[in-house]
Amino acid sequence: MISLPLFAKEALPAPAMDADLLDTVRLIRSDNVGPVTYHMLVARYGSAKAALERLPELAQRGGAKKPLLPCPVEKAEKEIAAVQAYGARLIPYNAADYPALLKHLADAPPLLAAHGHTHLWADKPCIAMVGARNASANGCHFAKKLAAELGEAGVIVVSGLARGIDTFAHQGALATGTVAVIGGGIDNVYPPENRSLFSDIRARGCILSEQPFGGAPHSRSFPARNRIISGMSLGVLVVEASAKSGSLITGRFALEQNREVFAIPGSPLDPRAQGCNALIKEGALLTESAEDILNVLRGQPRILADNRQLGLFDPAPPAEPGEAEWAEARKIIEEKLAVTPTSVDRLLEQCQVPPHLLLTILMEKELAGVLQRHPGNQVSLLYI
């Protein structure tokens with residue numbers, strides 16, 4: 001037998017990294033860049049690549065105590081590769097399969113990680129279903145029943161994979177497709193007891209996250225997750241909620257986003273009904289069956305088709321102001337800012353400066369790490 005010489009296999013080159021996606025990941029993962037600031041930067045400079053080049057300058061103008069360096073290329077490449085190796089994919093804001101209703105939010109996630117069937121929200125309307133983690137047996141049963149009936153009627157149920165109502169909502173809608181928006185990275189199963197449900201949703205529905213791959217859920221990530229749950233849905237159904245429940249945050253987001261709010265009434269003797277009963281008093285639609293929700297959807301099949309909430313953030317400055325105008329505007333705005341959150345609309349009214357100056361100065365201060373954004377288009381100083 002003639003032995004053939006062994007040759008080392010030539011290593012195949014790694015697939016080329018999408019340059020636009022890489023720039024998107026770098027910009028949103030840069031320090032002090034949140035969703036609102038991301039959209040403002042891209043609108044102002046035309047692309048994530050151009051915005052990355054301006055970050056250090058803008059942060060310095062905002063009063064940064066140390067240079068702001070953009071997210072390194074290697075770190076962004078590592079995240080993209082990790083998501084792909086896990087079997088998920090990154091959906092940037094301008095992708096065709098990005099949730100259409102979510103695009104209308106001023107703080108829409110610039111980037112979503114998705115694992116599963118992303119066609120679900122393109123083909124069918126979505127309804128969010130949320131409620132208490134310590135839900136009653138009756139509440140859990142009713143949530144599962146409603147979710148199954150909505151699914152059979154062609155509606156995709158969106159929830160947060162939390163204990164209690166979220167869990168049973170996903171279980172009820174699993175056969176027809178459900179979307180779980182989670183507070184950690186796309187690979188992070190929380191709570192741990194929902195690991196099997198997580199796998200089922202990944203196979204038959206879709207898992208969504210805006211958090212970096214490998215990231216653990218933390219307290220601030222859950223309200224951020226809630227705005228996605230309501231933002232990609234036509235309405236939010238609250239099944240059970242105490243007076244201080246996190247589910248009410250989702251309901252408030254829905255109102256701010258011009259979504260319908262549905263609530264299941266309950267006994268005034270049950271603390272888990274207090275939140276829902278309060279929502280109904282404030283105008284939420286009293287809901288006793290899936291048909292109550294479907295009747296509203298039939299009359300309002302799509303909302304916000306051309307009513308994007310970015311509004312104030314879209315226009316580029318009409319002309320570059322002089323240094324004296326910048327200095328005067330900064331002085332006026334800094335006097336009005338405090339550690340207590342204030343709405344941008346109120347600042348605009350009280351400061352009486354051109355909108356593009358106000359928004360740019362707030363953006364610079366956020367990049368400098370001295371200003372924080374809050375839900376409801378509010379801002380506050382981190383310190384004085």
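The values are calculated or read from the model by the stated rules, or taken from the named source; none is laboratory data. Worth saying up front: this structure is predicted, and the values here are computed from it rather than measured. In this analysis, Cβ positions are derived from the backbone assuming ideal geometry, glycine residues included, and neighbour counts consider all displayed protein chains.
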- Complete set of residues in region 62-76 that are at pLDDT below 95 and surrounded by fewer than 18 Cβ atoms within 10 Å (Cβ to Cβ): GLY63, LYS65, LYS66, PRO67, LEU69
- Restricting the search to region 333-384, which residues are touching a residue at least 60 places away in the same chain (Cβ under 8 Å), part of a loop (DSSP other than H, G, I, E, B) and more than 22 Å from the chain's Cα centre (by Cα)? ALA368, VAL370
- Query: Of everything in region 59-84 that's out of contact with any helix residue (DSSP H, G or I) (no Cβ under 9 Å at 6 or more places or on another chain) and in contact (Cβ under 8 Å) with a residue 24 or more places away in the chain, which residue is nearest to LEU382 (Cα to Cα)?
  - Reply: LYS65
- Item | Residues of region 27-54 classified as in contact (Cβ under 8 Å) with a residue 24 or more places away in the chain, more than 18 Å from the chain's Cα centre (by Cα) and farther than 18 Å from ALA64 by Cα, total | 5
- Query: Which numbered condition trips up PRO223, out of (1) of a type outside the set (Lys, Arg); (2) in a helix (DSSP H, G or I); (3) buried (at least 19 other Cβ atoms within 10 Å of the Cβ)?
  - Reply: (3)
- Considering region 58-98 alone, what residues qualify as being under 20 Å from MET40 (Cβ atoms), over 24 Å from the mean Cα position of the chain (by Cα) and not hydrophobic (A, V, I, L, M, F, W, C)? GLN60, ARG61, GLY62, GLY63
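With the condition kept exactly as written, say whether any residue in region 219-228 is farther than 25 Å from ASN134 by Cα, among the β-branched types (Val, Ile, Thr) and modelled with pLDDT of 90 or more.
Initially, region 219-228 is screened for residues farther than 25 Å from ASN134 by Cα, giving none.
Within region 219-228, not a single residue is farther than 25 Å from ASN134 by Cα, among the β-branched types (Val, Ile, Thr) and modelled with pLDDT of 90 or more.
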- Return a yes/no flag: does region 156-174 have any residue that is farther than 30 Å from SER343 by Cα, touching a Phe, Trp or Tyr at 6+ places or on another chain (Cβ under 8 Å) and outside the structural domain of LYS75 (by TED's automatic domain parsing). yes
- Matching option when the condition is outside any helix (DSSP H, G or I), crowded, with 23+ Cβ neighbours inside 10 Å and under 16 Å from the mean Cα position of the chain (by Cα), among ILE186, ILE229: ILE186
- Here are GLU288, GLU260, GLU282: which of them is modelled with pLDDT of 85 or more, charged (D, E, K, R) and buried (at least 19 other Cβ atoms within 10 Å of the Cβ)? GLU260
- Mind listing whichever residues of region 180-189 are in contact with a helix residue (DSSP H, G or I) (Cβ under 6 Å, 6 or more places away or on another chain) and under 19 Å from PRO99 (Cα atoms)? ALA180, VAL181, GLY183
- Query: If you take just the strands (runs of 3 or more DSSP E) that sit entirely in region 77-142, which of them hold at least 2 residues that are crowded, with 21+ Cβ neighbours inside 10 Å and modelled with pLDDT of 95 or more?
  - Reply: 111-116, 126-130
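Being touching a residue at least 60 places away in the same chain (Cβ under 8 Å), over 29 Å from SER267 (Cβ atoms) and more than 16 Å from the chain's Cα centre (by Cα): is that true of ARG202 here?
Values: touching a residue at least 60 places away in the same chain (Cβ under 8 Å): yes; over 29 Å from SER267 (Cβ atoms): yes; more than 16 Å from the chain's Cα centre (by Cα): yes.
Here the answer is yes, as ARG202 does meet what is asked.
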